[in-house]
1. Here are several values of Rg and Dmax of the Cα atoms in Å: (i) 20.9, 72; (ii) 21.1, 61; (iii) 24.7, 93. Which one was derived from the coordinates shown?
2. Applying a 10 Å radius around every beta-carbon, put 135-146, 21-32 in order of their mean neighbour count, most first.
3. How would Tyr108, Tyr151, Tyr48 rank on accessible area, largest to smallest, probe 1.4 Å?
4. Taking the Cα atoms only, what angle lies between the long axis of helix 2-47 and the longest principal axis of the chain, rounded to 10 degrees?
5. Just grab the label-to-label distance for Lys23 and Ala44, each label 7 Å out from Cα along the Cβ direction, in nm (one decimal).
6. Could you give the length gained on full extension between Lys112 and Lys87, defined as 0.36 nm per residue of separation minus the Cα-Cα distance, in nm?
7. Tell me the angle of helix 53-63 to the major Cα principal axis of the chain, expressed in degrees between 0 and 90 and rounded to the nearest ten.
8. Identify all lysines with a Cα-Cα distance to Lys87 below 27 Å; exclude those on the same chain that are fewer than 8 residues away in sequence.
Amino acid sequence: MVKWVGAFLIIIATSWAGFEAAKLLSLRTRQLRQLKVALQSLEAEIMYGHTSLIVASQNISKQLSKPLSWFFELFAKKLGKGHTSVKGAWEESLKEIWRFTAFKQGEYEVLKQFGETLGQHDRLSQQKHIKLTLTHLEREEAEAVDRQRRYESMVKSLGVLLGLLLVILLM
């Protein structure tokens, strides 16, 4: 009886691990879409609302779910304190919130590059930089969707099958 309970727990644990790994794949895709929407909102705030970066970031943080809302909220707070440049506030916020996201290194580099141009140019040039960043993020999103489509069900199955293999080996 104890063996069967142990076997059941092993299968549950490995299956759970597989489902969590699959969840990360879909989470990355969802967060990339949210980030694109956030940058489009930032563009609209800058171009048409003539809003400052602080107010625009606060508005965007209210529209998003966590962890991206935290990022824009933190960015607005750092800008409001005035202790650092726009680039510095963007990079610090990015570093502080990064571990809570499902993003990969490619997204980090795109966002870091974008932060270097943020607030440095007139509105039209800033709009071009936002469009360029959105183009890069679309490429990253396409890659994330492809990975999700390819590996999501495989990772779930692998978790279950690994549990069954462990049970067979331990019996």
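The values are calculated or read from the model by the stated rules, or taken from the named source; none is laboratory data. Please read all numbers here as calculations on a predicted model, not as lab measurements. We place every Cβ from the backbone using ideal geometry, glycine too, and count neighbours over all the protein chains shown. With ligands, DNA and RNA removed, areas are computed over all heavy atoms of the protein, side chains included. Shrake-Rupley method; radii C 1.70, N 1.55, O 1.52, S 1.80 Å.
1. (i)
2. Working: 135-146: 15.9, 21-32: 17.4.
Result, highest mean Cβ count within 10 Å first: 21-32, 135-146.
3. Values: Tyr108 35, Tyr151 80, Tyr48 165 Å².
Result of the area sort, largest leading: Tyr48, Tyr151, Tyr108.
4. 10 degrees
5. About 3.1 nm separates the two model spin labels.
6. Details: separation 25, 0.36 × 25 = 9.00 nm, distance 0.86 nm.
So the extension gain works out to 8.1 nm.
7. Computed tilt is about 30 degrees.
8. Cross-link targets: Lys36, Lys62, Lys66, Lys77, Lys78, Lys95, Lys104, Lys112, Lys128, Lys131.
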